[in-house]
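Colleague: Have a look at this one before I ask anything.
The values are calculated or read from the model by the stated rules, or taken from the named source; none is laboratory data. Here the structure is a predicted model, which means the values were calculated and not measured. With ideal geometry, Cβ positions are generated from the backbone for all residues, glycine too; neighbour counts draw on all protein chains shown. Each accessible area value is taken on the protein alone, full model and side chains, heavy atoms only, with ligands, DNA and RNA left out. Shrake-Rupley method; radii C 1.70, N 1.55, O 1.52, S 1.80 Å.
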Amino acid sequence: MKEKDSFFKVLGIDGKDKKTLQLIAEDLNISLKTLNYYNLNSILPPDNELEKMATYFKINRYQIMIGMGIYNQELKELLSQQAAKIAQGLSHIKTRPTINHEQVFTTSLGQLFEGDCLSLMPTIESGSVDLVFADPPFNLDKLYPSNMDDNIASSEYIRWTEQWLSECIRILKPGGSLFLWNIPKWNTYFSEFLNHRLNFRHWIATDIKYSLPISSRLYPSHYGLLYYIKQEKASVFKPDRLKMETCQHCYRELRDYGGYKDKMNPSGINMPDVWYDIPPVRHSKHKKRKDANELSIKLLDRIIEMATVEGDIVFDPFGGSGTTYLVAELKRRKWIGIELGPTEVIVDRLKNKAEEEDHLNKYRENYNQLFPEKIKKERIKRGIWTDDSFKPEMKDHQISLGLFIGNKSLLSQTK
Ligand SMILES: C[S@@+](CC[C@H](N)C(=O)[O-])C[C@H]1O[C@@H](n2cnc3c(N)ncnc32)[C@H](O)[C@@H]1O
């Protein structure tokens, strides 16, 4: 992985020696600012500059790339041809994790631990979990109740993530699903890692605004939900279907669904890979932990429904306020959970799970039917088509009426 300062290190330059650095910049005819930019951001210089540097420092360009941890397909293939030779020079040290977790709560379905997920995971049997959902800290310098350091070097954050992801992959059953929630920047690294270990299904963009607009950037408006499965085929894949979006006042559709009204599935619209309907949990009335991030139960409901059936085992290594465990519990899935910081909030939430059940059921009323009952009634009242308009008996009726439904012309409504 990319290491900060690795560019100067591999060239044998002391970044603090400004004088020498300036001379090198002049000799190479590359500005000092550009060299510093490559070094600080671990950016590989373009080929023309790379060649100049290789000649100047008398090292080959592959050494620069390997030293910086940047591998293109060509280099990967060259290295794989030399695998045996390279491996001889490497020793693999495996350290035993120190035990740093304890069980704090159980239900008939789940077990909650307090401590470090990297300590708990080695105790979980290989191939035993049906679904992993992970919403780790994003290394954005947030303050969590656990007081963990959320501002570590990028390379350290990536290494740590790869460590716990490897364990998640080990404990996942063949056919099991892994969902990773993070900001797009980090997901670009983690999808590269996961692509070599699991089977990519989707990068789901979830439209939630999570920071203030920044003047020199686009407005960050989505989280990435990476979705992978272990091996070829998912054991469970039954995404909910969505209702058609309609106007609250006139009950007409809000989007153009391609004009194929008669082809629309009465069970609803296929789940897309862009989700606009996941609410942020901002309001203190709903929020379980005051300052920390918390996901909506609607998100976990959708994921758990999509990838598991009752009785399956769900694992989430980053408990937070316990959203995953609560939804798993309400949906009769078994679950294993852990949180580094205080777990009282999670325990309270699980003890009072009935409080959130209604809320969850409300969300579910809108799934798997094109028009929920109330909307259907309103549309019929206004002479607007519904899925019933295209039922075979209705179609015959339309033909005999010259494409008329009730007292309204279907053609006039299909513009
Ligand atoms: C983004 S929050 C998760 C929020 C959660 N999805 C929810 O809806 O409430 C990440 C959590 O991971 C916890 N955490 C960080 N490192 C951990 C570790 N090594 N083991 C277990 N939990 C950890 C943090 O304390 C924080 O509460």
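Colleague: Reachable lysines from K142, Cα under 16 Å, same-chain residues fewer than 8 places away excluded?
Modeller: Those lysines meeting the cut-off are K290.
Colleague: Hey, another quick one. So how do 171-179, 319-327, 30-38, 74-82 stack up, highest first, on mean other-Cβ count within 10 Å?
Modeller: The densest-packed peptide leads the list: 319-327, 171-179, 30-38, 74-82.
Colleague: Stokes-Einstein D for region 43-151 at 25 °C, 0.890 mPa s, Kirkwood Rh over Cα pairs, in µm²/s? If you can, show how the numbers build up before the last one.
Modeller: On the way: Rh = 19.3 Å.
Translational D for this selection: 127 µm²/s.
Colleague: Can I ask one more? Determine the relative contact order of the chain: mean sequence separation of Cα pairs under 8 Å and six or more apart, normalised by residue count, in whole percent.
Modeller: Reported as a whole number, the value is 15 percent.
Colleague: Okay, next question. No solvent, one uniform scatterer per C-alpha: report log10 I(q)/I(0) for region 204-307 via the Debye equation at q = 0.11, 0.16 1/Å, two decimals.
Modeller: Rounded to two decimals, the profile gives -0.51, -0.99.
Colleague: I would also like to ask the following. Given all pairs of different Cα atoms, what value in angstroms does the Kirkwood hydrodynamic radius of region 6-88 take?
Modeller: 13.6 Å
Colleague: So, R0 is 51 Å and r is the distance between the beta-carbons of E310 and L254; what FRET efficiency does that work out to, to 0.05?
Modeller: Details: r = 34 Å, r/R0 = 0.67.
Step by step, r from the Cβ atoms, then E = 0.90.
Colleague: Suppose we keep just the alpha-carbon trace of region 104-225; what are its Rg and Dmax in angstrom?
Modeller: Over region 104-225's Cα set, Rg and Dmax evaluate to 15.9, 51 Å.
Colleague: Something else about it: So what does D388 come to for accessible area, using a 1.4 Å probe and Å² rounded to 10?
Modeller: 40 Å²
Colleague: Note down the nm distance, to one decimal, between modelled labels 7 Å out along Cα→Cβ at L79 and at L44.
Modeller: Simple spin-label model gives 1.0 nm for this pair.
Colleague: Whenever you get a sec, compute what percent of the accessible area on region 286-335 sits on carbon and sulfur atoms (1.4 Å probe).
Modeller: 41 percent
Colleague: Next question, about the same structure. Compute the separation of the alpha-carbon centres of region 30-73 and region 186-230 and state it in Å as a whole number.
Modeller: Here the answer is 28 Å between Cα centres.
Colleague: What 222 nm value per residue comes from the helices of the chain, counting each DSSP H run with n ≥ 4 as -39,500 (n - 2.57) and dividing by all residues, nearest 500 deg cm²/dmol? Walk me through the numbers on the way to the answer.
Modeller: On the way: 17 runs with 155 residues, N = 415.
So the helix-based figure for the chain works out to -10500 deg cm²/dmol.
Colleague: What relative contact order, as a whole-number percentage, does region 6-88 give when Cα pairs under 8 Å and 6 or more residues apart are counted?
Modeller: 31 percent
Colleague: While we're here: Give the angle, between 0 and 90 degrees and rounded to the nearest 10, that separates the Cα long axis of helix 47-57 from the longest principal axis of the Cα atoms of the chain.
Modeller: Value to nearest ten degrees: 20.
Colleague: Sort R333, R197 by heavy-atom solvent-accessible area, probe 1.4 angstrom, most to least. Show your work: numbers first, answer last.
Modeller: Values: R333 15, R197 120 Å².
Order by accessible area, largest first: R197, R333.
Colleague: R0 = 51 Å: FRET efficiency of A354 with N29, Cβ-based, nearest 0.05?
Modeller: Rounded to the nearest 0.05, the efficiency is 0.10.
Colleague: Also, quick follow-up: Size of the chain along its principal axes in angstrom, Cα-based, largest extent first?
Modeller: 86, 52, 43
Colleague: One quarter of the convex hull surface, Cα atoms only: what value does that give for region 208-258 in nm²?
Modeller: 7.6 nm²
Colleague: So, one more: Rolling a 1.4 Å sphere over the protein heavy atoms, what is the accessible area per residue of the chain, to the nearest Å²?
Modeller: Each residue of the chain exposes 56 Å² on average to a 1.4 Å probe.
Colleague: Kindly express, to the nearest 10 degrees and within the range 0 to 90, the angle between helix 297-307's C-alpha long axis and the longest C-alpha principal axis of the chain.
Modeller: Here the helix axis deviates by roughly 90 degrees.
Colleague: Would you list, by chain and number, the lysines whose Cα falls below 24 Å from the Cα of K391, excluding same-chain residues fewer than 8 positions away?
Modeller: List returned: K243, K261, K263, K374, K376, K377, K381, K408, K415.
Colleague: What accessible area, in Å² to the nearest ten, does a 1.4 Å probe give for R241?
Modeller: 60 Å²
Colleague: For region 165-207, what log10 I(q)/I(0) values come out of the Debye formula at q = 0.21, 0.23, 0.34 1/Å, with one point per alpha carbon and no solvent?
Modeller: Debye intensities relative to I(0), on a log10 scale: -0.72, -0.86, -1.47.
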